[in-house]
Each structure stands twice: as structure tokens, then as C-alpha cells.
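Notes follow once the structure below has been shown.
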Amino acid sequence: MSRQIMTRLIYCLVLLAPFATQAEEKHWYNYDHLYLQGGTYVHFESSDDHTGSNIFVALEARKANDWLYGLALFDNSFGQFSQYLYGGKSWWFHGKWEGFNAKLTAGLIHGYKGEFKDKIPLNDLGVAPGIIPSVGYKKGRFGGDMILLGTSAMLFTVGMDF
């Protein structure tokens, strides 16, 4: 087995481990509520290659213990339809920072093809690992996030629980 395939297998197992170890719930896929978010991203540096629509939409299943999983759909910077399937965790601040949170997700990114295949690391098989940090604020059912997309861009989203 090649080193690259072994690395991806280990990455997937690490990604799924939190869901397998949650003893308080019968099934990993149970969730407390859904969170729908949409937004747009801004590049730190412009390029003539950036022809995408900058539109992003995601649906997250959020658990009561602040673990989550979701699917994001977007046109990447190069106008290619792309997807991010992920799991992650949110950490909520308290006191005078009530409502603010930090979130870290990890998952698989698909959709970077052709001449842009190498724009994300480890994309030799057409699917690459991704780790994405963000900070946000939520009041009631509504929230907003600033999401760092590597060294390339910042994504701004608004969302709603349902």
C-alpha cells in the first residue's frame, strides 16, 4: 500500500474517532438541530485564475455536546463545483464573551480538477484532506462566522438553526 493511501486512511480514522467514542449517545449520527449557512469568500491576493462565483452553502448537524458534521457545497476559486464533507467541534465562550465560539472542522475536499488540481495539497486522487478553523457569534437561532481557508481566503457566513 502506498504511503499516500496509508496517510489518507489514518486521516479518515482520526476524523471519525470522536463519533465512535461517544458513549452517551446510541448512534453517532443523532443530532440536536440543523444549522444552514451561506456566505461568500474573499481572497487575500487576487488572480486572473479566480473565476468562481464565491458562493458557499453548508448544512451542519449539530449535537448537544458541540460535536458536528456537515456538507458544504461551493464553486471553488476556479469556477469548479466542489464539496467539503466534514466533522468537527465547537467551543463556546462564556461570561462577557457569551455567544462567541471557535470551531475546528476536518474532512475531505473534492472538486479541484485539471490544471487546478494542485491548488490544494494531497489532491492526487481528486480528494484532499482539509482542516478549517473559524470564529463566530450566535444569538438565538441566528449566527455568523469568519472561516479561514488556508492561506488563500477568508469565508464570511450567516446561518440559522432549524
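Could you give me the radius of gyration and the Dmax of segment 63-102, taking only the C-alpha atoms into account and expressing both in angstrom?
Calculated on Cα positions, Rg and Dmax stand at 14.6, 43 Å.
Mind checking the full-extension length gain between Lys119 and Val42? Use 0.36 nm per residue of separation minus the Cα-Cα distance, one decimal, nm.
Roughly 26.1 nm would be gained on extension.
Given the Cα-Cα distance of Phe156 and Lys89 and 0.36 nm per residue of separation, how much length would full extension add, in nm?
22.3 nm
Bear in mind that the values in this text are calculations on the coordinates, not laboratory data. All values derive from a computational prediction rather than experimental measurement.
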